[in-house]
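The next block holds one structure in the form of C-alpha coordinates; read it before the comments.
The values are calculated or read from the model by the stated rules, or taken from the named source; none is laboratory data. Because the structure is predicted, anything quoted here is derived from the model rather than measured. Counting neighbours? That spans all protein chains shown, and the Cβs are built from the backbone with ideal geometry, glycine included. These area figures cover heavy atoms from the full protein model, side chains too; ligands, DNA and RNA do not enter into them. Shrake-Rupley method; radii C 1.70, N 1.55, O 1.52, S 1.80 Å.
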Amino acid sequence: MELLRKRQELVAGVMNIPTKKDVAKVAKLSIQAEEKVDVLEEQIWNLQDSLVEVNKGNIEMFQEIISIVKQIKDEVKKVEINHANELSAVQLELKELKQELSQLKDIKSELENMRNLLKEEKHKDKDKDKDLVLAAAGITES
(Lines give C-alpha, C1' and ligand atoms only; values in the text may rest on other atoms or scores of the structure.)
Protein backbone atom coordinates (compact mmCIF):
# COMPACT_ATOMS: atom_id res chain seq x y z
CA MET A 1 0.00 0.00 0.00
CA GLU A 2 2.79 2.26 0.91
CA LEU A 3 4.58 1.49 -2.31
CA LEU A 4 1.42 2.08 -4.29
CA ARG A 5 0.87 5.42 -2.62
CA LYS A 6 4.44 6.55 -3.31
CA ARG A 7 4.16 5.58 -6.98
CA GLN A 8 0.80 7.24 -7.27
CA GLU A 9 2.36 10.46 -5.89
CA LEU A 10 5.24 10.18 -8.35
CA VAL A 11 2.92 9.69 -11.30
CA ALA A 12 0.63 12.49 -10.12
CA GLY A 13 3.64 14.76 -9.70
CA VAL A 14 4.85 14.05 -13.25
CA MET A 15 1.38 14.47 -14.73
CA ASN A 16 0.74 17.54 -12.59
CA ILE A 17 -2.42 16.09 -11.00
CA PRO A 18 -3.23 16.77 -7.35
CA THR A 19 -3.11 13.93 -4.87
CA LYS A 20 -5.22 13.35 -1.76
CA LYS A 21 -2.42 14.94 0.30
CA ASP A 22 -2.44 18.00 -1.94
CA VAL A 23 -6.23 18.31 -1.67
CA ALA A 24 -6.01 17.88 2.12
CA LYS A 25 -3.30 20.60 2.31
CA VAL A 26 -5.42 22.91 0.15
CA ALA A 27 -8.47 22.25 2.31
CA LYS A 28 -6.43 22.92 5.44
CA LEU A 29 -5.06 26.18 3.95
CA SER A 30 -8.56 27.15 2.84
CA ILE A 31 -9.91 26.63 6.37
CA GLN A 32 -7.02 28.65 7.83
CA ALA A 33 -7.66 31.42 5.29
CA GLU A 34 -11.37 31.44 6.18
CA GLU A 35 -10.52 31.70 9.88
CA LYS A 36 -8.18 34.61 9.19
CA VAL A 37 -10.86 36.30 7.04
CA ASP A 38 -13.35 35.83 9.89
CA VAL A 39 -10.89 37.42 12.34
CA LEU A 40 -10.29 40.29 9.93
CA GLU A 41 -14.04 40.79 9.44
CA GLU A 42 -14.51 40.98 13.19
CA GLN A 43 -11.70 43.50 13.48
CA ILE A 44 -13.22 45.57 10.66
CA TRP A 45 -16.62 45.54 12.41
CA ASN A 46 -14.96 46.64 15.63
CA LEU A 47 -13.17 49.42 13.77
CA GLN A 48 -16.43 50.51 12.16
CA ASP A 49 -18.12 50.62 15.55
CA SER A 50 -15.20 52.60 16.96
CA LEU A 51 -15.31 55.02 14.04
CA VAL A 52 -19.02 55.56 14.54
CA GLU A 53 -18.42 56.38 18.21
CA VAL A 54 -15.48 58.65 17.37
CA ASN A 55 -17.57 60.41 14.72
CA LYS A 56 -20.38 60.93 17.22
CA GLY A 57 -17.86 62.35 19.68
CA ASN A 58 -16.39 64.59 16.98
CA ILE A 59 -19.83 65.82 15.98
CA GLU A 60 -20.68 66.64 19.58
CA MET A 61 -17.34 68.41 20.02
CA PHE A 62 -17.84 70.42 16.80
CA GLN A 63 -21.35 71.39 17.89
CA GLU A 64 -19.97 72.55 21.22
CA ILE A 65 -17.21 74.50 19.46
CA ILE A 66 -19.82 76.11 17.18
CA SER A 67 -21.94 77.15 20.16
CA ILE A 68 -18.88 78.57 21.93
CA VAL A 69 -17.88 80.49 18.79
CA LYS A 70 -21.43 81.87 18.52
CA GLN A 71 -21.31 82.96 22.16
CA ILE A 72 -17.95 84.64 21.61
CA LYS A 73 -19.29 86.35 18.49
CA ASP A 74 -22.31 87.64 20.44
CA GLU A 75 -20.07 88.87 23.25
CA VAL A 76 -17.80 90.64 20.77
CA LYS A 77 -20.83 92.34 19.21
CA LYS A 78 -22.01 93.45 22.66
CA VAL A 79 -18.56 94.80 23.48
CA GLU A 80 -18.39 96.62 20.13
CA ILE A 81 -21.81 98.17 20.74
CA ASN A 82 -20.78 99.21 24.28
CA HIS A 83 -17.55 100.70 22.98
CA ALA A 84 -19.43 102.53 20.23
CA ASN A 85 -21.88 103.92 22.78
CA GLU A 86 -19.06 104.93 25.11
CA LEU A 87 -17.20 106.52 22.22
CA SER A 88 -20.32 108.47 21.23
CA ALA A 89 -20.75 109.63 24.82
CA VAL A 90 -17.10 110.68 25.02
CA GLN A 91 -17.36 112.50 21.70
CA LEU A 92 -20.48 114.30 22.92
CA GLU A 93 -18.73 115.29 26.14
CA LEU A 94 -15.72 116.46 24.17
CA LYS A 95 -17.95 118.57 21.92
CA GLU A 96 -19.59 120.11 24.99
CA LEU A 97 -16.18 120.80 26.52
CA LYS A 98 -15.05 122.47 23.31
CA GLN A 99 -18.14 124.67 23.36
CA GLU A 100 -17.53 125.56 26.99
CA LEU A 101 -13.88 126.28 26.25
CA SER A 102 -14.90 128.53 23.38
CA GLN A 103 -17.31 130.36 25.70
CA LEU A 104 -14.55 130.72 28.30
CA LYS A 105 -12.25 132.20 25.66
CA ASP A 106 -14.96 134.67 24.71
CA ILE A 107 -15.46 135.57 28.37
CA LYS A 108 -11.71 135.95 28.81
CA SER A 109 -11.43 138.30 25.84
CA GLU A 110 -14.41 140.33 27.15
CA LEU A 111 -12.76 140.54 30.60
CA GLU A 112 -9.51 141.65 28.97
CA ASN A 113 -11.40 144.35 27.07
CA MET A 114 -13.11 145.48 30.30
CA ARG A 115 -9.76 145.53 32.11
CA ASN A 116 -8.29 147.70 29.36
CA LEU A 117 -11.30 150.03 29.51
CA LEU A 118 -10.98 150.26 33.28
CA LYS A 119 -7.28 151.08 32.97
CA GLU A 120 -8.09 153.78 30.45
CA GLU A 121 -10.82 155.14 32.74
CA LYS A 122 -8.44 155.12 35.72
CA HIS A 123 -5.81 156.82 33.65
CA LYS A 124 -8.34 159.49 32.51
CA ASP A 125 -9.56 159.89 36.09
CA LYS A 126 -5.96 160.35 37.29
CA ASP A 127 -5.40 162.95 34.61
CA LYS A 128 -8.65 164.74 35.63
CA ASP A 129 -7.67 164.58 39.31
CA LYS A 130 -4.25 165.90 38.47
CA ASP A 131 -5.76 168.71 36.40
CA LEU A 132 -8.19 169.51 39.22
CA VAL A 133 -5.41 169.56 41.80
CA LEU A 134 -3.31 171.73 39.55
CA ALA A 135 -6.23 173.98 38.79
CA ALA A 136 -7.04 174.28 42.48
CA ALA A 137 -3.46 175.12 43.20
CA GLY A 138 -3.43 177.56 40.31
CA ILE A 139 -0.67 175.80 38.46
CA THR A 140 -0.90 175.15 34.81
CA GLU A 141 0.88 172.46 32.94
CA SER A 142 3.29 173.64 30.35
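Of all residues in region 70-100, which are of a type in the set (S, T, N, Q) and open to solvent by 100 Å² or more (accessible area, probe 1.4 Å)?
Those that are of a type in the set (S, T, N, Q) and open to solvent by 100 Å² or more (accessible area, probe 1.4 Å): Gln71, Gln91, Gln99.
With the requirement that a residue be of a type outside the set (Ser, Thr, Tyr) and either open to solvent by less than 100 Å² (accessible area, probe 1.4 Å) or in contact with a strand residue (DSSP E or B) (Cβ under 8 Å, 6 or more places away or on another chain) (or both), what does region 101-119 give you? So that I can check it myself, show each step before the final result.
As a first pass, look at region 101-119 and keep what is of a type outside the set (Ser, Thr, Tyr): 101, 103-108, 110-119.
Hits for region 101-119 are Leu101, Asp106, Ile107, Leu111, Glu112, Asn113, Asn116.
Which of the residues that make up region 19-40 are open to solvent by less than 90 Å² (accessible area, probe 1.4 Å) and closer than 26 Å to Glu2 by Cβ?
Those that are open to solvent by less than 90 Å² (accessible area, probe 1.4 Å) and closer than 26 Å to Glu2 by Cβ: Thr19, Asp22, Val23, Ala24, Ala27.
Somewhere in region 41-50, is a residue within 27 Å of the chain's Cα centre (by Cα), modelled with pLDDT under 95, assigned to a helix (DSSP H, G or I) and surrounded by 10 or more Cβ atoms within 10 Å (Cβ to Cβ)?
First, the residues of region 41-50 that are within 27 Å of the chain's Cα centre (by Cα): none.
Looking for residues that are within 27 Å of the chain's Cα centre (by Cα), modelled with pLDDT under 95, assigned to a helix (DSSP H, G or I) and surrounded by 10 or more Cβ atoms within 10 Å (Cβ to Cβ), one finds none in region 41-50, hence no.
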